[in-house]
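Enquirer: Here it is, the structure in full.
Every number here is computed from the coordinates shown, using simple stated rules; none is lab data. In this text the structure is predicted, and so the values were computed from the model without any measurement. Neighbour counts are summed over all protein chains in view; Cβ atoms, including those assigned to glycine, are modelled from backbone coordinates with ideal geometry.
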Amino acid sequence: MRTLIIGAGLSGLRVALDIEEALVLEKSQRIGGLLDIYPDLGIEKFYHHFFEFNTELIPLLKRLKLWRYVRWYETKTGFLVNGKIYPLNTPIEILRYPHLSITDKLRLALFVRECREMMKRREILEEMDEIDGNEWVKKKCGERLYQNFFQPLIESKFGKDANRISASWVIGRVGMRSSRGFRGERVGYLKGGFGKLVEALAEKSDAEILKGVRVKEVNFSGGFKEVRTSKGCFKGEHLIVTAPELVRNIKWQKTSCALVATEEPVLEEIYWLNVQGIPRIGAVIAHTNMVSPEEYGCHLTYFVSYTGELDERFVRKVLRDHFQIRDVKWIRIENANYTAPVYERGYLKNIAPYEEKGIYYAGLFSESNYPERSMEGSIIAGRKVAEMLGSERK
Ligand SMILES: Cc1cc2nc3c(=O)[nH]c(=O)nc-3n(C[C@H](O)[C@H](O)[C@H](O)COP(=O)(O)OP(=O)(O)OC[C@H]3O[C@@H](n4cnc5c(N)ncnc54)[C@H](O)[C@@H]3O)c2cc1C
């Protein structure tokens, strides 16, 4: 008897890869979930890259024969503060940065090192999950470093929920984004985009994927699992939920991402710009300061907001007023409601177990996506559930 999988994002497709007779029900007309692309452009609707420490994603890319498409890039980071862009990569650039004192810079370096170590220890993350993230940073780094550095970053990421986040989220986020050398942060990308990963997963699995089918309700009926959808009822022996909207007790973060095409680069060299002082905009990610603009015939830059929806007029104004760009070829905007859990204090209690009452769960809400969500985390969750089902069948 078949297995029903709700959602054809990375988690759902990863489960489907390793099980037989799966039927995937996907509410959208496209597969890929948050990793979906603009099909005519071959680029992700939301910026994506991966890291050398993604020990689950990398073997999967090899297994799917996608390794030949992997390219590594040294990407540069910067900060926009009071209308001025500061690259923050080399020791000289860091020393020259005027908004932190030497003492604060040293404290920051020590804090980053400590987070990197703490991130590796699950028991520490669990312990820190109930601790107030903002207060913890203040205690460790001092009020000035908190106010001039961490507070704006946390606020642009979580908006009105900024004061709810846990110390373990801070540790995970700081630890994850600290694999930088002086030439930049080393990140991986697939030539042709991550749409290749989504396609390969769908092609290599035997699953049937039904698009445009929204699951509304899940029931147990006589040993079988039944789901009620926008296109009727489906039954299966097993049921795997990967759709965030069907998981209770989690507060979700929304994201709005504008992809802007220009003749001129929006940023010089910098790939990832943290932004302070432009309402709604949390970061600017210059995709073509990672991948060559020649691949697309233009420069492509993401403007991302975690605190409100973007619209074309507003993005054009931001480009004009803050980046002196008037000539815009086109802008596309994607909004999504379930883009990351709000990693608030006590979040760990709400993490969905991989299996509960005979239903399996894999997705953004899984343990593997804690304390920060990633492709890696969703792939781990999908693989774990596939293994659990496999071992049940034996
Ligand atoms: C802005 C942004 C940037 C990111 N950047 C990176 C990055 O650089 N590196 C990285 O590793 N990760 C990144 N991520 C995270 C990564 O995209 C996700 O972890 C991963 O794609 C999530 O996959 P998923 O299958 O778990 O969830 P989703 O992609 O959310 O998939 C869930 C699927 O379920 C479907 N669905 C929902 N409700 C229903 C329903 N009721 N019935 C049927 N189907 C339903 C959805 O349409 C979707 O297809 C980023 C995410 C965002 C939002």
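Enquirer: List the chymotrypsin sites (Phe, Trp or Tyr not before Pro) within the range 219-327 that fall in a DSSP loop (any state other than H, G, I, E or B) and whose Cβ has at most 15 other Cβ atoms within 10 Å.
Expert: Sites meeting the loop and neighbour criteria: Y296.
Enquirer: Moving on. Using the crude model of +1 on Lys and Arg Cβ and -1 on Asp and Glu Cβ, and no other charge, please compute the dipole size for the range 253-340 relative to its Cα centre, in debye to 20.
Expert: My answer is approximately 420 debye.
Enquirer: Given +1 on the Cβ of Lys and Arg, -1 on the Cβ of Asp and Glu, and no further charges, what dipole in debye does the chain carry about its Cα centre, rounded to the nearest 20?
Expert: Roughly 280 debye, rounded to the nearest 20.
Enquirer: A follow-up question, please. With just the Cα atoms of the range 26-105, tell me how far they stretch along each of the three principal axes, in Å, largest first.
Expert: 50, 27, 20
Enquirer: Lys/Arg Cβ at +1, Asp/Glu Cβ at -1, dipole of the chain taken about the Cα centre: which of G12, L41, N134 is farthest positive-ward?
Expert: N134
Enquirer: When the scattering of the range 83-217 is computed by the Debye formula from its Cα atoms alone, each counted once and equally, what is log10 I(q)/I(0) at q = 0.14, 0.19, 0.21, 0.22 Å⁻¹?
Expert: -0.82, -1.13, -1.27, -1.34
Enquirer: Per 10 Å bin, what percent of the C-alpha pairs of the chain does each bin hold, from zero upward?
Expert: 5, 22, 31, 26, 12, 3, 0
Enquirer: Taking the range 75-148, how much of its Cα-Cα pair set, in percent, is spaced more than 17 angstrom apart?
Expert: Roughly 54 percent, rounded to a whole number.
Enquirer: Moving to a separate point now. What is the Cα centroid distance between the range 315-334 and the range 139-210, reported in whole angstrom?
Expert: 24 Å
Enquirer: Using the charge dipole of the range 90-182 (Lys, Arg: +1 at Cβ; Asp, Glu: -1 at Cβ; taken about the Cα centre), state which of L106, F158, I124 has its Cα farthest towards the positive end.
Expert: So the residue furthest toward the plus end is L106.
Enquirer: Another question about this same structure. Please report the projected area of the range 175-316's Cα convex hull averaged over all directions, in nm².
Expert: Averaged projected hull area, Cα only: 13.3 nm².
Enquirer: Using a Cα-Cα cut-off of under 19 Å, which aspartates and glutamates could be cross-linked to K357, ignoring same-chain neighbours fewer than 8 residues away?
Expert: Those aspartates and glutamates meeting the cut-off are E217, E226, E237, E245, E367, E387, E392.
Enquirer: Computed on alpha carbon atoms, what radius of gyration and Dmax characterise the range 253-340, expressed in Å?
Expert: Rg then Dmax for the range 253-340, in Å: 12.2, 34.
Enquirer: Now for a different question. Could you pull out every one of the lysines with an alpha carbon less than 20 Å from that of K65, ignoring same-chain neighbours closer than 8 positions?
Expert: K65 reaches K191, K196, K204.
Enquirer: Let me ask you something else. Using only Cα atoms, find the angle between the long axis of helix 167-176 and the longest principal axis of the chain, and express it within 0 to 90 degrees, rounded to the nearest 10.
Expert: Tilt of helix 167-176: around 80 degrees.
Enquirer: Report, in degrees rounded to the nearest 10, the 0 to 90 angle that the Cα long axis of helix 195-204 makes with the longest principal axis of the chain.
Expert: 20 degrees
Enquirer: Next up: Under a 5 Å amide H to amide H cut-off, with H placed in plane at 1.01 Å, what residues pair with A340 once short-range neighbours are removed?
Expert: Long-range HN contacts for A340: Q253.
Enquirer: What does the charge dipole of the range 1-136 about its Cα centre add up to, to the nearest 20 debye, if the Cβ of each Lys and Arg holds +1 and the Cβ of each Asp and Glu holds -1?
Expert: Dipole of the range 1-136, to the nearest 20 debye: 760 debye.
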